[in-house]
Every structure is written in C-alpha cells, then in structure tokens.
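The values are calculated or read from the model by the stated rules, or taken from the named source; none is laboratory data. Here the structure is a predicted model, which is why all the values come from computation and not from measurement. Here Cβ is always computed from backbone atoms with ideal geometry, including for glycine, and neighbour counts include all displayed protein chains. To get the accessible areas, we keep the full protein, side chains included, count just its heavy atoms, and leave off ligands, DNA and RNA. Shrake-Rupley method; radii C 1.70, N 1.55, O 1.52, S 1.80 Å.
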Amino acid sequence: MLQRNKYEAVGAFRRSLEDEFNQYVEQQQARFDPADCLNIDFHCHDHNSDIPDELWGRILRLPETWLKTKKLVKVLQQNGSNVYTVTNHNNARSCWDLIDQGIDVLVAAEFTCFFPEYDLFIHILAYGFSKQQEVELNQKRQNIYDFLRYSAKHDIPVIMPHPLYFYTRNDNIDLSLFEKLAVMFSRFEVLNGQRDLWQSVLTLNWVDSLTAEKILSYARKHDLEPADFGVDPHQPKILTGGSDDHTGLFAGQCGTRIYIPNLAQRLKTTKASELVLEGLRNGNVAPYGQIGENQKLNIALLDYFAQVATKIKDPGLFRILLHRGSAWDKIGCFAVSNLMLEMQKHKKTMKFFGFVHDALQGKKPNKLITWQISKDYKFCVQHLVHIADSKKASPQEFVDTVNHSINELFNHLNKLIVKRIKCALDKSQGVRLDSFSTEEITRKFEIPSQLTALFFGDGKRQENISNVSIEKLLDNLSFPILISLVLAGSTLASTRVLYQNRSFLNDFASHLGKNQHTKRALYLTDTLSDKNGVSNSLSGKLKEIQKFDLPIDFLICHSDAESEEHLHVVRPITTFEVQRYGEQEIRIPDLMEIARIFYEGGYDRIICSTEGPMALVSLFIQQMFNVPSYFFMHTDWIDFIQHTTDLNQYERDRVRRLMRALYNRYDGVFVLNTEHRDWLMGYEMQLGKEKVLLTAHHTQPRDMTVKRLNKSDIVKGACQNTPILFIACRLSKEKGILDLPRIVAKAKRSIPDLEIVVAGSGPAEKVLKDHLPEATYVGWQSKKQLAALYLSLDLFVFPSRFDTFGNVILEAFVHGMPTVAFNCKGPKDIIQHNVNGYLVDDIEAMSTKIIEFFEQPKTAESMGHRAMQRAAEYKAEPIMRQFMTDMGLDIPHHYGLQKTVA
C-alpha cells in the first residue's frame, strides 16, 4: 500500500488551513504593544437587528436575535473589549440608546446594499456616522456604488464583512465581482467568528495577492476610479476581525486591536471611540481571536432555534402564501411554523428548550428538576449541566463540550425513539418491526391527502401508515422527535449556510492557486461484509482503493466490523430485518457521527450504493454541505418486488415513483447495464441523459494458489468426464433458481448423467432442495472455495432475469468457465453469444444450449479461453479511472504504476 504524506492524508486539508491561519493570527498579535492597543469587536448584534436578511426569517416574522443591548455590552466587557459598538442591520438604534445613557460607543451599523449587475445583496459595515448620515446611508444602500461614494466623500470608514459569504445562493457571482470589490474597498473582515476557516484563509490569501498593478488593471477593466471610493491602490488593504455574534455567546471573543501610540495620554483628552475611529482610518489594526468554523454557528443556531420554539407566533397563512419567495420556501416556512407551534403545545418540550437556552448562557437546570425528571430523560439534564459548567471554562472547551453534547443527545434521543416504537409495536397485538414484509410496507406506504383523515381519522380502515394513531404516536414520541429535529436542523443549517456557494468557492480557490479543497469522496453503503453479490463487488472496489490509495473512503454501519485504511465504521443505533429482504440486516446509523466524519475528513462529494438508511444519510449530507452526490444502482427493485411479492401494477408504480424521486435527488446515477440506463432515461423514470453514468464491476485477480479439484471430490460418484453445471448465488426466488429443476430436467433428457452443483444460501433454499433433490448443495463458499469450483466444473448456469450486472459471470470467466444466461440486463452486456457463453430467451433455449455445450467439447474448450479474454476487459484500473472521472475526482498520478502480481 502506498504511504501517504501529510497533505494527502484524510483531514489534512483542514489541518493545513488551521496551520496557515494560526500563523497569521500569531503574527498579528506580535505587531503592536498591547499597552497601546484598544480592543473592539467590530461586528456584533442585538435585538435591534429585528428585520433579517434571510427570506425565511422575514416570512415567519422572526428577528435575528432577542439579545438585549445591556446583556451584549456586559458580555463584550467580560471578554476583554474596552470599546463597544453594535452593528445592527440597517440601523444604529442601539448605539444611539447607549450614547443617550452616557456610554461611550462607536456608532455603527451593518447595511445591506444592492449590487445591481449581480442582482446581489451584500453587507457593509460602516462606522462613525451621524444620525442624518444614517438616513442618507439607508437611502443610498439601494445601489452599492452610491453608498460607497457617499461614505468616501464623508470619510465614513467601511469594512466588507465575510467577503466570501453571501446570505443567498446566487449563480451570478463570479470572479469579476471580486475584481470590483478590490477597487471599491480598503478594508476587509478576514476573521469572522461565525464563518468557515476555508473562507477566511481564502480571503486572507486573496487580499495578500492584490498588488497595486492588479487593482489598477481591475479599475480600468470595469471603468471604476479607486479614489471615488476612498481607495489608494498603493496602500495595503486593512484587515479586521469581529465575532458576528447574535446571541451573546461569543461576543468579544473575536475582534480587532487598534494601535494608538501613547494611548494612556491620548485617552485623557480623547474618547476611546474616537481613537478607534482614528486607528481604523489609519489602518493601525490587528485582528484577534479564533475561527469557529461551523461549530460556533451550530451553537448559535441551536440557541436561536430554542428561542424561536418558545417565542414564535403564527405568521398567518396569507402572509406565507403572498410573501416573496419560491413555492418550496413557502412550503418550508409552513412546515417550520407548524412544527414550532406544535411544540408550544408540549410543556415538556418547551421547558427543555428553556433549559437549553439557560445552559448555553451558563445557568444549570434546577436540582429539583433533576430529581423530578423521568429516568428516560436524565441524560438530557446531565448534558445540560456539562454545557453550563463548560461556560466557565475556556471558549474552546465550551464549544467542544456543546458540540459533543449535541451529538450525544441526538444519539440517545434516537435510541429512545427506537425503543419506544418497538415497545408500542410489541404491545400492538404482537406486531414487530421485523414482521413486516416488503410487500406490506409498500402497501402501507401512503398518507391520506385529506388532512382530517390524517389527523382525526374518517371512520374507515385505511391501508396506509396512518393506521397508527397520530395522537398516540405524538404523545409518546413528541419530545424525543421534536428535540432531535431541532438538533439535526441546527447542525444542517449551520453548515449549509456556510457552503451554499461552494461551487464558487472552488472556482475562487482554483483562480487563486491556493487552498483548493481536496477532492475526496465518501462512499456510503449499507452492505460490505455481508453474504451477497453487492458486498462482494464493493469489497473488491475497497481493495483496489486501498492498494492504490485512491481518493475514496468507504463508510459502513456495522456492529462488529472495525475501521481500517479507507474504511470508516460507525455503530448502529438499532438493527432489524424485513421479511423477504434476505439475510441483509437493516442497520440505522448515527447521522451526526457520519456528518462529523464527512466534515473532519475533508470530503467534498458523497456517493451511496444502497437504497436503505444510508440513502437518507447521503441526502442529508448533500443538503448539509452542498456537495455533489451520486448513487450507484446495484438492484432493480421494481423487478425484485415483481418476483417476490403479489403487488399489483398500481402498487409497483408507487415504488417506481419513490425510486424516481430518490434518484432525481442525485447529481449522477451509476448503472451497470445498458438496459437499465435506457430505462432510467425513458418515460417511466425521466432522468436526464447527463445524469445516467454507465459503469461496471471489475474482476478481481485470480488466486494462482488455488488448484483444480477432482470432480469426484465435489460430486459423489462423478468422474472427470461427468458433465457438471455450476451455479453460485443467493438462493432466492428473484434469482430464478426455482427455474433450475425444469432447466436441468429438460437437459437430462439428452444428457442423463448431467449433474449440478449449487453454492449459496437464502430463503428459497428449502424449496429448491425439495424440487431439485439430486443436486449437490455446498452452501455458502469462501472466495477460495468458489475459485476451486470454477476451475473444476464445466458450465456456469445463470437463470436470473433480475441481476443488474452479474458478478458471478465475471468470476466464472476469470477462471475459464463459460456461462449460459438470459438475454437481459447485466448478462447481455457481459456475455458474447456463442463466443464465451450463451444468451437465451427462455427456459427451453437454456436447456438446449446446455446440451449443445456438452455435445461439442472443442467448442467448450474454445469458449473457456475466450471467457478469460473477456474477463481481461473488466480490469480494475480502466473501470475505476472512469468511475473517478465521472465523479469529478482527480486520478492520482501513481495509479496503475504498481501492477498486480499474478
């Protein structure tokens, strides 16, 4: 296995960013004598930021914060600020109120300005203006050029905060925007306590790259005059810091040191706020503090959501319907408002949110509450106590404790949900989770379109999931489910808002030639070490990835497996089985743990290969990190339910529509055969041609230590001339194995001594043995055992019309064994008819070709050689190269240099 250097290792991308930014902050700390510096948080908010820029906040009539000005000032003072400002959105009301109280304050506001050619709203921090100038600035902010020219004319210093973060996704953003910003701004916020480290380092390196020549060339290109905006291209840009705090949790922990020579003497005659303004104009500033990445924002949003839950009022249906925004925005706001208003009916939930807010402020739950609370929820109180205690420790310990507690609470609450569901089902006439078949689940997977029928019932028996009483379900599960939703929601939102323009960040880094995000995929699967063909193919892919250190890592949920190179293992919250689903155990993973692994591992795309719980996880990751996502389609579920259930066409169409909705959520869907590709692009599934990607499983090298066996050692009474068929697969109905008795019986009419060896196990094993008792059953075989059987027997028979590929066909080919199969799906693309096997249309034809094969020994020998030649066309390297290319991954230069030893 190749050895990784530091910057090829998983997680090295984030570490390299940390190293670079920490070095910058340390250099800034050493610039000025602390005795001659004033500390100010240039970017913080209180309750007067009452009209948010975010669309959902405006629709729901929610302020950005409920934080009182007095509390904010107290927190700023506690965290070392000796000069105060409040940068509320589009108003300085808090600053004027503090001045009226006799408190020295630097008047400021964060104005939302419109960039007309980009149809973009951006924020600009402005300082030191008068009340009349505030009115003028609010009028001018409808056009950013007018706003900045007015500011420069009146010597009002402005800062461009979080330059790479925009409050909305905007496809109009391009590099020309930043060329204009370089001409129009002298000051940029490089350290924002609520933003991502990647964005901060990119900003730092971009500003550092802005030479006078570049700025002047940008000015000529865009017909702008730097002096109109108070910009001197020959002077270095000024970099500042601020917490961007909205909750009072982190105010003052990030900020800017203002260097004032002979500070002690100057303070005797000049207000501190005036000295700060002077230092800001002169550029004698140095940012301080640490970037919290999504962790601080996650905590801030959790506190915000906890307050929203207790303070939200009904926004009104007409307001939601008539407000500006897309249909999805309105549906989302309708759902959120209903969820939050429903929470307010549950006293237990409301009390918990109150405790969360108090704990984040450093206040422990009352001891009486601890004694009174039920055993099921004591862990919640314990975590709140830990959070409150950590508030007194270092800022980083507080952040780490809260984020750890969020993950632990989510895990415990989900286990409690599962426990209560199982308990409820056990009490409901003995029904169990694992008693449901795929057929029953499909039939019941529906919700009434009539709301009264959903919530109150209509007196009729409904064949859908609403048979379970919503009222009883909410009664038992309302608290853990609602809290889990809020915890997951704050985690998703805190990361999503940072990366909503991820594609632009990638382009920006490429243009800059620095800090490009690593291109690395996390591959989620529900199966890897199980006894099925999907597991075999995926384990082969993992071996290839491990051998050549390819930029892909697998992640599975398993109770016993252990992590290794390129493989993460998370433990399941719970497990269960579904009847007829086979031996595959359904495992429910910890969503938060997988999100953490994705973030810390520096991944930038996701792929999923099973339609189980991991599919839902992959979609969550896709939305959370705004990353490209792909699905690898192994199974034809429509064919599966057609062969294994009695569902009618209407019920099968329900599954098809569900699959169509699922696959359309991905940027690409990998398929294993041309028939499936055409189906996905056709009328029934309607996936775009560009989204359907044809791939294949690759062969695994033949183990040359495996030797041919005597046929008599496999089949009792056989000799080397005995004609023997072979099949290896999961013994289930959809695999076509129940057709074997008829196939073999017809062939035996011409070949009386014909034998068949069956390898594998499954739900149809007993039925097959009853109808084909003369076969030799060897059970589930290891890879070495299978290799020996391939080498020793004659013809592989594959009666499945279900398989999307047919790994066993390639396995047979590798060992020189021809195959007879039906002319459909995977086999049709692998087998070359009459060259290395046979493709047939029905059982009669399959029996005929078996007879033909054994009656022509020379043809059989030739087919064996050509089977091995065909297998060589499915080598790992070209297939994996195309696979990585289709996902947009860079192919390592070393790939293919190490050759497999035969």
Exercise for review: Would you mind checking the radius of gyration and Dmax of the range 647-745 based on alpha-carbon positions, in Å?
Suggested key: 21.0, 56
Point to revise | Geometric extent, Cα atoms of the chain - Rg, Dmax (angstrom) | key: 32.9, 114
Review point. Between residue 282 and residue 885, 0.36 nm times their residue separation minus their Cα-Cα distance comes to what?
Key: 212.0 nm
**Study point:** With all protein chains modelled, accessible area of residue 31 [1.4 Å, Å²]
**Key:** 110 Å²
Exercise for review: Give the distance, in whole Å, between the Cα centre of the range 278-324 and the Cα centre of the range 144-207.
Suggested key: 18 Å
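Kirkwood hydrodynamic radius of the range 90-187 from all distinct Cα pairs, in Å? Mind showing how you got there, number by number?
Numbers: mean 1/r = 0.0705 Å⁻¹.
Hydrodynamic radius (Kirkwood, Cα pairs) of the range 90-187 is 14.2 Å.
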Practice item. Using a 1.4 angstrom probe on the protein heavy atoms only, line up 875, 375 by accessible area, largest first. Key: 375, 875
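Which whole-number value in Å³ per residue fits the convex hull of the alpha carbons of the range 616-687?
Details: hull volume 6.7 nm³, N = 72.
Here the figure is 94 Å³ per residue.
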Check your understanding: Put a dot 7 Å past each Cα toward the Cβ at residue 155 and residue 331; how far apart are the dots in nm?
Key -> 5.6 nm
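With a cut-off of 8 Å between alpha carbons and a minimum separation of six or more residues, what is the relative contact order of the range 231-386 in percent?
Details: 119 pairs, mean separation 29.9, N = 156.
19 percent.
Any idea what the alpha-carbon Rg over 2.2 N^0.38 Å comes to for the range 581-738? Walk me through the numbers before you get to the answer.
Numbers: Rg = 20.7 Å, N = 158, 2.2 N^0.38 = 15.1 Å.
It is 1.37.
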Study note, to complete from the structure: Rounded to two decimals, the Rg over Rh value of the range 595-655 from Cα coordinates and the Kirkwood Rh reads 1.15
Practice item. Would you rank 222, 833 by solvent-accessible area, highest first, keeping every protein chain in place and using a 1.4 Å probe? Key: 833, 222
Check your understanding: With no solvent and one point on each alpha carbon, what is the Debye value of log10 I(q)/I(0) for the range 312-358 at q = 0.15 Å⁻¹?
Key -> -0.48
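Grab the alpha carbons of the range 744-828, take their convex hull, and tell me the volume per residue in Å³.
Values: hull volume 9.5 nm³, N = 85.
Spelled out: Cα convex hull of the range 744-828, divided by residues, is 112 Å³.
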Revision key, fill the gap. Evaluated at 37 °C and 0.692 mPa s, the Stokes-Einstein D of the range 667-800 based on the Kirkwood radius over Cα pairs, in µm²/s, stands at 191 µm²/s
Exercise for review: Kindly flag which residue pairs out of 74/363; 707/769; 541/825 have an alpha-carbon separation exceeding 19 Å in this structure.
Suggested key: 707/769; 541/825
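At 222 nm, what helix-only mean residue ellipticity would the chain give, in deg cm²/dmol to the nearest 500, using -39500 (n - 2.57) for each DSSP H run of four or more? It would help to have the intermediate numbers written out before the result.
Details: 36 runs with 418 residues, N = 902.
Rounded to the nearest 500, the figure is -14500 deg cm²/dmol.
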Practice item. Pull out the extension gain between residue 71 and residue 783, defined as 0.36 nm times the separation in residues minus the alpha carbon to alpha carbon distance; nm, one decimal. Key: 249.6 nm
Practice item. Be a star and scan the range 25-42 for residues whose amide nitrogen sits under 19 Å from the point 7 Å along the Cα-to-Cβ vector of residue 265. Key: 33-38
Practice item. Could you tell me what % of all Cα pairs in the range 281-364 have separations over 19 Å? Key: 57 percent
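What's the FRET efficiency of residue 423 with residue 547 using the Cβ-Cβ distance as r and R₀ = 60 Å, to the nearest 0.05? Could you put the intermediate results ahead of the total?
Numbers: r = 47 Å, r/R0 = 0.78.
Calculated value: 0.80.
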Point to revise | Förster radius 25 Å - calculated FRET efficiency between residue 654 and residue 576, Cβ distance, rounded to 0.05 | key: 0.65
Exercise for review: Rounded to the nearest 0.05, what FRET efficiency do residue 686 and residue 877 give with R0 = 30 Å and r taken as the Cβ-Cβ distance? Could you check?
Suggested key: 0.30
Practice item. Give the ranking of 679, 96 by solvent-accessible surface, highest area first, calculated with a 1.4 Å probe. Key: 679, 96
Practice item. Keeping all protein chains in position, work out how much accessible area residue 859 exposes to a 1.4 Å probe, and write it in Å² to the nearest 10. Key: 50 Å²
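Expected output is a single nm value to one decimal: the length gained when fully extending between residue 376 and residue 15, i.e. 0.36 nm times separation in residues minus the C-alpha distance. What is it? If you can, show how the numbers build up before the last one.
Details: separation 361, 0.36 × 361 = 129.96 nm, distance 3.90 nm.
Difference between extended and current length: 126.1 nm.
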Review point. Cross-link partners among aspartates and glutamates for residue 514, C-alpha distance below 17 Å, same-chain residues fewer than 8 apart left out?
Key: 8, 18, 19, 20, 196, 208, 604, 890
Revision key, fill the gap. Cross-link reach from residue 71 to aspartates and glutamates, straight Cα distance under 12 Å and at least 8 residues apart if same chain, gives 46
